[in-house]
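A short worksheet on the structure shown next.
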Amino acid sequence: MTSPLAIVLVATGALTLSTPLLAADAAAGKAGWTKEYPASDGSAARSCATCHGRDLTQPGRQANTGKVIEPLAPSVNPQRLTDPAKIEKWLLRNCKWTIGRECTAAEKADFIAYIKTQ
Amino acid sequence: MTAHQGILILLMVGAVGVAVSDDGNRNGKLGGWLASRADVVPVANAAYGEECSACHLAYQPGLLPALAWTQVMDPAALGEHYGDDASLTETLRTEIASYLVAHSADQASAPRSRAFAVGFDAKAGTGLPRITETRYFKRKHHRVPASLVAGNPEVGSFSQCHTCHRGAAKGIYNDSQIDIPGHGPWED
């Protein structure tokens, strides 16, 4: 199974999470959310929370531009996790910016699982 | 006041607008007193608006020349987009790049928009082109003290057009629409 398809299935809830490869773990996603990574350009260490905050029901703030980011929690922002292309795009960009590489399929599934619980 | 007096006053205001038309109040051919006309064509492409305004003001294409937009929209450049990863699918990238180039400053008819293309040197500088580094932008902002921009927590940088140019999203940049947070109108 390719990773984009896995993300779509996890995000839409169409996949039961029993497959070992895709055992999406919300707790792991939560732990990864605040894990900080050094920035290659010498700026402050980065985590998901740098822009999105620790409380996903609250708005975040784009670190470079200051633009407000609407809450990620589907409980307060039902549009979240409804557009597979958007999920793919932002996971690709944001993993590269934050961690310095693309996330693995398992990491992405964990983040989505965590966001879904918020 | 009689109707004649009112008309006379309107004509005088109009004359002042024309007389000072190089101070940033020019709006096309009608003079500065018609303050609400866009002097840079507003964004009119859904993909550009959606993709780019996710992170920042969707700068009007008429604020940079075509060559500059081509550099910004290069696939590799989008991966290192002013400190962010702004990678796009190839379909979206080509659509947005085409829109930006077709409506760039050198393709525009509005005088203020065309001014942004004057003197652009694609080989100047080390990074990607910036609106804030165009000759016209620098000429229009060089008297603005840093305390009102970088030192102003509600502004932060010259990239945040809309914090002072309250009509920026509609392409309106004339002096009468400037309201600097914590300071007020700009008196040049």
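Read the figures in this text as sums done on the coordinates, not as results from a lab. Computed from a predicted model, the values in this text were never measured in an experiment. Reconstructed Cβ throughout: ideal geometry from the backbone, glycine too, with neighbour counts over all protein chains shown.
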- Simple SL model, points at 7 angstrom along Cα→Cβ for residue B:154 and residue B:41; separation in nm is 3.4
- Between residue A:23 and residue B:109, the two model label points (7 Å from Cα along the beta-carbon direction) sit apart by a distance in nm of 6.6
- Message: Straight-line reach only, C-alpha to C-alpha below 25 angstrom: list the lysines that residue B:170 could link to, leaving out same-chain residues fewer than 8 apart.
- Response: A:67, B:29, B:138, B:140
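Averaged over A:65-74, how many beta carbons belonging to a partner chain fall within 10 Å of each residue's beta carbon? Could you put the intermediate results ahead of the total?
Numbers: counts 10, 10, 6, 0, 2, 0, 0, 0, 0, 0.
Whole-number average of other-chain Cβ neighbours for A:65-74 is 3.
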- Simple spin-label model, 7 Å along Cα-to-Cβ: residue B:162 to residue B:118 in nm? 2.9
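Sort the following peptides by mean Cβ neighbour count (other Cβ atoms within 10 Å, averaged over residues), highest first: A:34-43, A:75-84. Show your work: numbers first, answer last.
Values: A:34-43: 11.1, A:75-84: 13.9.
Top of the packing list down: A:75-84, A:34-43.
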- Query: How much net charge surrounds residue A:24 when only other residues with a Cβ under 15 Å from its Cβ are counted (Lys, Arg +1; Asp, Glu -1)?
  - Reply: 0
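Shielding by partners for B:51-58, please: the mean number of other protein chain Cβ atoms within 10 Å of each residue's Cβ. Present the calculation step by step, with values, prior to reporting the outcome.
Working: counts 1, 0, 1, 7, 8, 5, 2, 0.
Mean inter-chain Cβ contacts per residue within 10 Å come to 3.
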- Query: Given R₀ = 30 Å, FRET efficiency for residue A:34-residue B:77 by Cβ-Cβ distance, to 0.05?
  - Reply: 0.45
- Note on the structure: Cβ-Cβ cut-off under 10 Å around residue A:118, Lys and Arg +1, Asp and Glu -1: the net charge is +2
- Query: Based on the Cβ-Cβ distance from residue B:130 to residue A:77, what FRET efficiency comes out when R0 is 45 Å, to the nearest 0.05?
  - Reply: 0.85
- Message: Above 25 Å lies some portion of the pair distances; for segment B:46-177, what is it as a whole percent of all C-alpha pairs?
- Response: 24
